[in-house]
1. In terms of the Cα gyration tensor, with a ≥ b ≥ c the square roots of its eigenvalues, is the stretch 29-87 rounded because a/c is under 1.5, prolate because a/b exceeds b/c, or oblate?
2. Amide H of residue 103 versus every other amide H placed in the peptide plane: which residues, excluding those fewer than 5 positions away on the same chain, fall under 5 Å?
3. If each DSSP helix of 4+ residues adds -39,500 (n - 2.57) and the sum is divided by the residues in the chain, what number results at 222 nm, nearest 500 deg cm²/dmol?
4. What list of ³J(HN,Hα) couplings, whole Hz, do you get for the stretch 17-26 from phi and the Karplus terms 6.51, -1.76, 1.60, once you set θ to phi - 60° and write x for glycine and proline?
5. Assuming a viscosity of 0.890 mPa s and a temperature of 25 °C, what translational diffusion coefficient in µm² per second does Stokes-Einstein assign to the stretch 1-60, Rh being the Kirkwood radius over Cα pairs?
6. I'd like the orientation of helix 104-123 relative to the chain: the angle between its Cα long axis and the longest Cα principal axis, in ° from 0 to 90, rounded to 10.
7. Computing the accessible area with a 1.4 Å probe over protein heavy atoms, can you report the carbon and sulfur percentage for the stretch 33-85?
8. Could you give me the radius of gyration and the Dmax of the chain, taking only the C-alpha atoms into account and expressing both in angstrom?
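The values are calculated or read from the model by the stated rules, or taken from the named source; none is laboratory data. These numbers were taken from a predicted model, which means no experiment stands behind them. No Cβ is skipped: glycine too gets one built from the backbone with ideal geometry, and neighbour counts run over all protein chains shown. Each accessible area value is taken on the protein alone, full model and side chains, heavy atoms only, with ligands, DNA and RNA left out. Shrake-Rupley method; radii C 1.70, N 1.55, O 1.52, S 1.80 Å.
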Amino acid sequence: MSDFFLHAHSGFRYLVLLAGLLTVLYSVYGLISGIAYDYKMRFLSSSFAGLLHLQILLGLVLIFSGRFQPAVAGHILMMVFAGAAGQIPVSVMRRRPNEEKTYLPHFIWALAALAIIFLGLKAIGRPLIG
């Protein structure tokens, strides 16, 4: 059963990366075009954060199923930071009044989360894609 979770965790990263990339691209589009903050940005950012949290949950299942190796400690730490970075704009924008919502926090924090994911994958010697 743990092989299932290992393959799921390994393959699910592509959805996480796609959601992160779409979040960054749409936030850039919103910044450049000057369009008003909309539900699409909220949906993309929330989807990215949710998929990232699900990925972390799959990783935790792997740890508790006995597949933990000390060499992945750096990977685990980086992914927890990535999860936090992905959640920040969702939480911050939810509390702001509509007229104060902007695309910039989504751009900054999604890009930061993707960079941390990249570093976390490098910590275990995995390529970002492939």
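1. prolate
2. Those lying under 5 Å, H to H, from residue 103: there are none.
3. -27000 deg cm²/dmol
4. The phi angles translate into 5, 5, 5, x, 5, 5, 5, 5, 5, 5 Hz.
5. After rounding, the answer is 196 µm²/s.
6. Tilt of helix 104-123: around 10 degrees.
7. Accessible surface attributable to carbon and sulfur in the stretch 33-85 totals 74 percent.
8. Rg then Dmax for the chain, in Å: 15.6, 50.
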